[in-house]
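Peer 1: After the structure tokens below, expect a handful of questions from me.
The values are calculated or read from the model by the stated rules, or taken from the named source; none is laboratory data. Since we're looking at a predicted model, the values are computed, not measured. A quick note on method: Cβ atoms are made from the backbone with ideal geometry, for glycine too, and the neighbour counts reach across all protein chains shown.
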Amino acid sequence: MVAEAPPGTRPDYTIDQNWDAYTAADHATWHTLFRRQEEILKGRAAPEFLEALADLPMAADRIPDFRRLTDMLHPATGWSIVAVPGLVPGDIFFEHLANRRFPVTVWIRTPEQMDYLEEPDLFHDTFGHVPLLMNPVFADFIQAYGRAGQEATRLGCLDYLGRLYWYTVEFGLIRRPEGMRIYGAGIVSSRGESVWCLEDPSPNHIGFDLRRVMRTHYRIDDYQETYFVIDEYDQLFAALERDLQPVYEELKRTTVLEPGGVQPGDTVYRRGTGVYHRARRRAAE
Ligand code: HBI
Ligand code: FE
């Protein structure tokens, strides 16, 4: 749900980060989350993510100041961080991305929410999403996504585009010579999923294909049944380089796919056992 706009929120939903207002508990939460993920992601996160994390003024011991992050990010790829109270309306979100402004939530989770919270917080947005904005190709892709979001809103096709974002920006994997690596913000900011997505035999690893991803349902409250795999970030940018309207028209004539299946034509890097989600479904019956 969209955050109610607290007093001082501007029409574009941006606010001041108000860094001095963070408490010792907030900084301690950041410290715990940062140290944990820094350790877990060695050998699991994409090299480009780890390099950018090391280059950015993002330390373990305290919540980063968004202005300091922008000081480095803007010269690198033209992106700025804008502080927001939480989820903002879709059209506002796309407008920011289309103008190379990345909205980052100002509040951080409580210690009780350490391992799961339903909305993106400062750690998810800053640690998960910001580093790859240092990568020129990925940075261009996110701006293209913002523009595509504005068009898809007009066309009433946000479902298709939302699945693309989910299976790449949030939960994407990338192949590297050393092996399968994580670049999705939703995974790199989650302790359990950072390990599970690569090492548990349950999920599928399937090669990225624009139409395949746009047709496939996703889970918002649990690990993914399928992770889609790219070889290079260029594939994401190229996916949005085309006129998407005919793609949406074509997809309207196809059925939506359940997340756990494998389709003829899929490039299957790993056929998962599906044991985890079968057990979850049985438990839910
Ligand atoms: N707002 N702050 C923020 N961050 C998001 O990731 C976000 C959002 N609003 C809407 C949204 N994401 C998605 O629904 C987009 O697909 C529109
Ligand atoms: Fe996110």
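Peer 1: Starting from residues that are farther than 25 Å from Gly172 by Cβ and basic (Lys, Arg), keep the ones in segment 44-84 and report whichever is surrounded by the most Cβ atoms within 10 Å (Cβ to Cβ).
Peer 2: Checked segment 44-84; the qualifying residue surrounded by the most Cβ atoms within 10 Å (Cβ to Cβ) is Arg62.
Peer 1: Still on this structure, please answer the following. Answer yes if at least one residue in segment 194-214 is within 16 Å of ligand 2 (Cβ to nearest atom), modelled with pLDDT of 95 or more and among the hydrophobic types (A, V, I, L, M, F, W, C), and no otherwise.
Peer 2: yes
Peer 1: Here are some residues: Phe141, Phe171. Which one is out of contact with any strand residue (DSSP E or B) (no Cβ under 9 Å at 6 or more places or on another chain) and crowded, with 20+ Cβ neighbours inside 10 Å?
Peer 2: Exactly one residue qualifies, and that residue is Phe141.
Peer 1: On to the next question. Whether any residue in segment 47-61 is under 18 Å from the mean Cα position of the chain (by Cα), more than 24 Å from Val195 (Cα to Cα) and assigned to a helix (DSSP H, G or I) is what I want to check.
Peer 2: Among the residues of segment 47-61, not one is under 18 Å from the mean Cα position of the chain (by Cα), more than 24 Å from Val195 (Cα to Cα) and assigned to a helix (DSSP H, G or I), which makes the answer no.
Peer 1: Applying the selection to segment 203-228, what residues are surrounded by fewer than 19 Cβ atoms within 10 Å (Cβ to Cβ) and not in a helix (DSSP H, G or I)?
Peer 2: Scanning segment 203-228 gives Gly207, Asp209, Arg215, His217, Tyr218, Arg219, Ile220, Asp221, Asp222.
Peer 1: Regarding Ala25, is this residue over 20 Å from Gln150 (Cα atoms) and either modelled with pLDDT under 95 or in contact with a helix residue (DSSP H, G or I) (Cβ under 8 Å, 6 or more places away or on another chain) (or both)?
Peer 2: Considered against the rule, which asks whether it is over 20 Å from Gln150 (Cα atoms) and either modelled with pLDDT under 95 or in contact with a helix residue (DSSP H, G or I) (Cβ under 8 Å, 6 or more places away or on another chain) (or both), Ala25 comes out as yes.
Peer 1: If you don't mind, there's one more thing I want to ask. For Leu251, all conditions in the list (1) among the hydrophobic types (A, V, I, L, M, F, W, C); (2) in contact with a Ser or Thr (Cβ under 8 Å, 6 or more places away or on another chain); (3) over 23 Å from Ile174 (Cβ atoms) hold save one; what is the number of the exception?
Peer 2: (2)
Peer 1: Just the residues that are away from ligand 2 (no atom under 12 Å from the Cβ), under 12 Å from Gln150 (Cβ atoms) and not acidic (Asp, Glu), please, taken from segment 77-94.
Peer 2: Result: Gly90, Ile92, Phe94.
Peer 1: So, one more: I'm trying to understand the selection: among the residues of segment 71-121, which are part of a helix (DSSP H, G or I), in contact with a strand residue (DSSP E or B) (Cβ under 9 Å, 6 or more places away or on another chain) and within 12 Å of ligand 1 (Cβ to nearest atom)?
Peer 2: Scanning segment 71-121 gives Ile92, Phe93, Glu95, His96, Leu97.
Peer 1: Also: Among Gly149, Gly186, which is more than 26 Å from Thr255 (Cα to Cα) and touching a residue at least 24 places away in the same chain (Cβ under 8 Å)?
Peer 2: Being more than 26 Å from Thr255 (Cα to Cα) and touching a residue at least 24 places away in the same chain (Cβ under 8 Å) holds for just one of Gly149, Gly186, which is Gly186.
Peer 1: Moving on. Please go through segment 218-242 and give me each residue that is more than 16 Å from the chain's Cα centre (by Cα) and farther than 16 Å from Val268 by Cβ, ordered by number.
Peer 2: Hits for segment 218-242 are Glu232, Asp234, Gln235, Ala238, Ala239, Leu240, Glu241, Arg242.
Peer 1: Can you spot a residue in segment 28-45 that is outside any loop (DSSP other than H, G, I, E, B), within 16 Å of ligand 2 (Cβ to nearest atom) and in contact with a strand residue (DSSP E or B) (Cβ under 6 Å, 6 or more places away or on another chain)?
Peer 2: Yes, some residue in segment 28-45 is outside any loop (DSSP other than H, G, I, E, B), within 16 Å of ligand 2 (Cβ to nearest atom) and in contact with a strand residue (DSSP E or B) (Cβ under 6 Å, 6 or more places away or on another chain).
Peer 1: Could you give me the residue pairs with C-beta distances under 6 Å whose first residue belongs to segment 94-107 and is closer than 12 Å to Asp12 by Cα, whose second residue is at pLDDT below 95 and acidic (Asp, Glu) wherever it lies, and which are 6+ apart or on separate chains?
Peer 2: No pair meets every condition.
Peer 1: Mind checking which residues of segment 62-87 are farther than 30 Å from Trp196 by Cα and among the charged types (D, E, K, R)?
Peer 2: Correct list: Asp65, Arg67, Arg68, Asp71.
Peer 1: As an exercise: evaluate His124 against (1) within 14 Å of ligand 1 (Cβ to nearest atom); (2) over 19 Å from Leu33 (Cβ atoms); (3) buried (at least 22 other Cβ atoms within 10 Å of the Cβ) and give the number of the one condition it does not meet.
Peer 2: (2)
Peer 1: Name the residue that is farthest from ligand 1 (Cβ to nearest atom), counting only residues in segment 164-183 that are touching a residue at least 60 places away in the same chain (Cβ under 8 Å) and farther than 19 Å from Ala52 by Cα.
Peer 2: This residue is Tyr167.
Peer 1: Tell me, please, whether a residue that is of a type outside the set (Val, Ile, Thr), surrounded by fewer than 15 Cβ atoms within 10 Å (Cβ to Cβ), without any contact (Cβ under 8 Å) to a residue 60 or more places away in the chain and part of a loop (DSSP other than H, G, I, E, B) can be found in segment 155-163.
Peer 2: yes
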